[in-house]
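Chemist: So that we are looking at the same thing, I have put the structure below in structure tokens.
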Amino acid sequence: MEKRRRRVIILGAAGRDFHNFNTFFRNNPDYEVVAFTATQIPDIAGRIYPPELAGPLYPNGIPIEDEAQLPELIKKYDVDEVILAYSDLPHQYVMERAAIALAAGADFKLMGPNSTMIESTKPVVSVCAVRTGCGKSQTTRRVLDILRSKGLKVISIRHPMPYGDLVAQKVQRFADYSDLDKHNCTIEEREEYEPHIDRKSVIYAGVDYEAILRAAEAENPDIILWDGGNNDFPFYKTDLHIVVVDPHRPGHEVTYYPGMTNLLMADVIVINKEETANRDDIETVRKNIAKWNPNAIVVDAASPIFVDDPSLIRGKKVLVVEDGPTLTHGDMRYGAGYVAAKRFGAKEIIDPRPFAVGSIVETYKKYSHLDVILPAMGYGEKQMKELEETINKSDAEVVIIGTPIDLRRVLKLNKPAVRVRYELQEIGEPTLDQILTDFLKKKGLLK
């Protein structure tokens, strides 16, 4: 009698879930993945993980269902195992998902580095975080600039954001702005890729991260730079693991999944935003680092803001638009745009909610901690139009753009706007330059 394959559901959000499938389950005859589920990201349920990516064991592909239906799906498919494979989750939430799976009769599992990390032929430096919105992007930019200043060729690979045609997104390479249009990039994708393009640096992303890695290696870089997403740990075996923590959310470094995993794995921990954080909160974070990863090198850092024309803010009614994921599943109530509005004397920060339309209304219902900030939701063309309409309907005199990209590149705004930028600056020593120099010498890449 033929042995029954163990039936699996993978809980995801169009990223880690696909990676875990590709690396462990795709060609594994002992398992049958009967469904993915989706959450966090709008409009990704109801699709199919296509057979072109799923492989010969899945000629019809794999359905992507709504996670809210998990108990019914476990019974419908007679599921043996439920695998949690997305990120930035309170530990309580993770165990609630476990309880739901167990109560329906299935095992509940988390997959770790040994099962999911791919080994590169090149040295890998990774930049990750303990929460969304810690300042991972500016830390990645800082690391990239340091490595390139030493004459090294760096290829960056970004954690996945495949919200469109998955087959077309299998391997994506971004080297100039035309690539963003070619791949129909969302606002969230542009926020991560544009800073690399601005530096004339290549960055890859997509769905199949082994194929992506091999394409990047074929360009013969000296270093692969992993640019992490949310608070997930790297997809690749890492030679130097840099993790960013946020003293504006003290304690979150040990209470969120899988951010605490990053904290424990880190070679270097960057305490960011110290210039605007409470001293006691910084000390809380420092004590948690000392307790859980005393061998990590700790870097103190700030993320000062730079405003194109502060005079446009003073005395004006302003609408503040901030990075979407940082505000939504990152649980932040404000970001750099809000700080700029306060610092440069805005007369009023308006409440965007009365002007919200379509999915923006639903975003405020789902993330009730948001009030005076507009999250830059742009997971597709329709939502980008709704964001544009929300901004243009508002009675603000000036829009403050606190997102990592200039929204005026993708939205048509009917009112003046000012851009806020932020970069990482180390405070004292050790610096990332010193740490990376030592690392490169040990790897034989610097004399």
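The values are calculated or read from the model by the stated rules, or taken from the named source; none is laboratory data. The shown structure was predicted, so the numbers you read here are calculated from the model rather than taken from an experiment. Glycine also receives a Cβ, built like all others from the backbone with ideal geometry; neighbour counts cover every protein chain displayed. Ligands, DNA and RNA are excluded from the accessible area calculation, which covers all protein heavy atoms including side chains. Shrake-Rupley method; radii C 1.70, N 1.55, O 1.52, S 1.80 Å.
Chemist: Does TYR193 satisfy the condition of being closer than 20 Å to ILE435 by Cβ and either without any contact (Cβ under 8 Å) to a residue 40 or more places away in the chain or of a type in the set (Ser, Thr, Tyr) (or both)? Steps first, please.
Modeler: Working: closer than 20 Å to ILE435 by Cβ: no; either without any contact (Cβ under 8 Å) to a residue 40 or more places away in the chain or of a type in the set (Ser, Thr, Tyr) (or both): yes.
For TYR193, the condition - closer than 20 Å to ILE435 by Cβ and either without any contact (Cβ under 8 Å) to a residue 40 or more places away in the chain or of a type in the set (Ser, Thr, Tyr) (or both) - is not met.
Chemist: Please determine, by comparing only the residues of the stretch 377-426 that are hydrophobic (A, V, I, L, M, F, W, C) and in a loop (DSSP other than H, G, I, E, B), which one is modelled with the lowest pLDDT. Let's see the steps before the verdict.
Modeler: First pass over the stretch 377-426, keeping only residues hydrophobic (A, V, I, L, M, F, W, C): 377, 384, 387, 391, 396, 398-401, 405, 407, 410-411, 413, 417-418, 420, 424.
Checking which are in a loop (DSSP other than H, G, I, E, B) leaves us with 377, 396, 405, 410-411, 413, 424.
Working: MET377: 81, ALA396: 93, ILE405: 78, VAL410: 82, LEU411: 88, LEU413: 92, LEU424: 95.
If we take residues in the stretch 377-426 being hydrophobic (A, V, I, L, M, F, W, C) and in a loop (DSSP other than H, G, I, E, B), then ILE405 is modelled with the lowest pLDDT.
Chemist: Based on this model, can you work out whether LYS109 counts as open to solvent by 20 Å² or more (accessible area, probe 1.4 Å), assigned to a strand (DSSP E or B) and either touching a Pro at 6+ places or on another chain (Cβ under 9 Å) or at pLDDT 95 or above (or both)?
Modeler: Details: open to solvent by 20 Å² or more (accessible area, probe 1.4 Å): yes; assigned to a strand (DSSP E or B): yes; either touching a Pro at 6+ places or on another chain (Cβ under 9 Å) or at pLDDT 95 or above (or both): yes.
Spelling it out, LYS109 is indeed open to solvent by 20 Å² or more (accessible area, probe 1.4 Å), assigned to a strand (DSSP E or B) and either touching a Pro at 6+ places or on another chain (Cβ under 9 Å) or at pLDDT 95 or above (or both).
Chemist: Separate question: Go through the stretch 393-406 and count every residue that is free of Cβ contacts under 8 Å to residues at least 40 places away in the same chain and either touching a Leu at 6+ places or on another chain (Cβ under 6 Å) or open to solvent by 30 Å² or more (accessible area, probe 1.4 Å) (or both). Full working, then the answer.
Modeler: So in the stretch 393-406, the residues free of Cβ contacts under 8 Å to residues at least 40 places away in the same chain come out as 393, 406.
When the remaining residues are screened for being either touching a Leu at 6+ places or on another chain (Cβ under 6 Å) or open to solvent by 30 Å² or more (accessible area, probe 1.4 Å) (or both), the result is 393.
Selection size over the stretch 393-406: 1.
Chemist: Turning to a different aspect of this structure: Residue under question is THR390, and the condition is that it be within 22 Å of LEU424 (Cβ to Cβ), of a type in the set (Ser, Thr, Tyr), open to solvent by less than 20 Å² (accessible area, probe 1.4 Å) and in contact (Cβ under 8 Å) with a residue 24 or more places away in the chain; does it hold?
Modeler: Numbers: within 22 Å of LEU424 (Cβ to Cβ): no; of a type in the set (Ser, Thr, Tyr): yes; open to solvent by less than 20 Å² (accessible area, probe 1.4 Å): yes; in contact (Cβ under 8 Å) with a residue 24 or more places away in the chain: yes.
No: the conditions fail for THR390.
Chemist: Exactly one condition in (1) touching a residue at least 60 places away in the same chain (Cβ under 8 Å); (2) open to solvent by less than 30 Å² (accessible area, probe 1.4 Å); (3) over 14 Å from the mean Cα position of the chain (by Cα) is false for ASP179; which is it?
Modeler: (1)
Chemist: Surrounded by fewer than 19 Cβ atoms within 10 Å (Cβ to Cβ) and either β-branched (Val, Ile, Thr) or at pLDDT 95 or above (or both) - does that describe any residue in the stretch 4-13?
Modeler: Of the stretch 4-13, the ones surrounded by fewer than 19 Cβ atoms within 10 Å (Cβ to Cβ) are 4-7.
Applying the additional criterion that residues be either β-branched (Val, Ile, Thr) or at pLDDT 95 or above (or both) yields 6-7.
So far as the stretch 4-13 goes, yes, one or more of its residues are surrounded by fewer than 19 Cβ atoms within 10 Å (Cβ to Cβ) and either β-branched (Val, Ile, Thr) or at pLDDT 95 or above (or both).
Chemist: On to the next question. Collect the residues in the stretch 75-106 that are among the charged types (D, E, K, R) and open to solvent by 10 Å² or more (accessible area, probe 1.4 Å), keeping them in residue-number order.
Modeler: First pass over the stretch 75-106, keeping only residues among the charged types (D, E, K, R): 75-76, 78, 80-81, 88, 96-97.
Passing the criteria: LYS75, LYS76, ASP78, ASP80, GLU96, ARG97.
Chemist: Same structure, new question: Restrict the check to the stretch 142-149 and report whether at least one residue is closer than 25 Å to TYR334 by Cβ and in a helix (DSSP H, G or I). Spell out the reasoning first.
Modeler: Taking the stretch 142-149 and keeping what is closer than 25 Å to TYR334 by Cβ, we get 142.
Filter once more, keeping what is in a helix (DSSP H, G or I): 142.
Yes, the stretch 142-149 contains a residue that is closer than 25 Å to TYR334 by Cβ and in a helix (DSSP H, G or I).
Chemist: Can you find a residue that is at pLDDT 95 or above, surrounded by fewer than 21 Cβ atoms within 10 Å (Cβ to Cβ) and not in a strand (DSSP E or B) anywhere in the stretch 185-196? Steps first, please.
Modeler: Going residue by residue through the stretch 185-196, those that are at pLDDT 95 or above are none.
No; the residues of the stretch 185-196 include none that is at pLDDT 95 or above, surrounded by fewer than 21 Cβ atoms within 10 Å (Cβ to Cβ) and not in a strand (DSSP E or B).
Chemist: Only one of THR37, THR23 is under 30 Å from THR326 (Cβ atoms), in contact with a helix residue (DSSP H, G or I) (Cβ under 9 Å, 6 or more places away or on another chain) and not in a strand (DSSP E or B). Can you tell me which? Walk me through how you get there before you give the answer.
Modeler: Numbers: THR37 fails: not in a strand (DSSP E or B).
After applying the criteria, what remains is THR23.
Chemist: Taking only the stretch 117-129 into account, find how many residues are crowded, with 20+ Cβ neighbours inside 10 Å and among the β-branched types (Val, Ile, Thr).
Modeler: Count: 3.
Chemist: Continuing with this model, one more query. Within the stretch 329-337, identify whether any single residue is among the acidic types (Asp, Glu) and touching a strand residue (DSSP E or B) at 6+ places or on another chain (Cβ under 8 Å), and answer yes or no.
Modeler: The answer is no; no qualifying residue exists.
Chemist: Something else about it: Report whether or not VAL202 is over 14 Å from the mean Cα position of the chain (by Cα) and open to solvent by 10 Å² or more (accessible area, probe 1.4 Å).
Modeler: Details: over 14 Å from the mean Cα position of the chain (by Cα): yes; open to solvent by 10 Å² or more (accessible area, probe 1.4 Å): yes.
Spelling it out, VAL202 is indeed over 14 Å from the mean Cα position of the chain (by Cα) and open to solvent by 10 Å² or more (accessible area, probe 1.4 Å).
Conditions tested, residue by residue: (1) among the aromatic types (Phe, Trp, Tyr); (2) touching a helix residue (DSSP H, G or I) at 6+ places or on another chain (Cβ under 9 Å); (3) part of a loop (DSSP other than H, G, I, E, B); (4) farther than 25 Å from GLY151 by Cα.
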{"site": "ASN220", "(1), (2), (3), (4)": "no, no, yes, no"}
{"site": "ILE224", "(1), (2), (3), (4)": "no, yes, no, no"}
{"site": "VAL244", "(1), (2), (3), (4)": "no, yes, no, yes"}
{"site": "PRO247", "(1), (2), (3), (4)": "no, yes, yes, yes"}
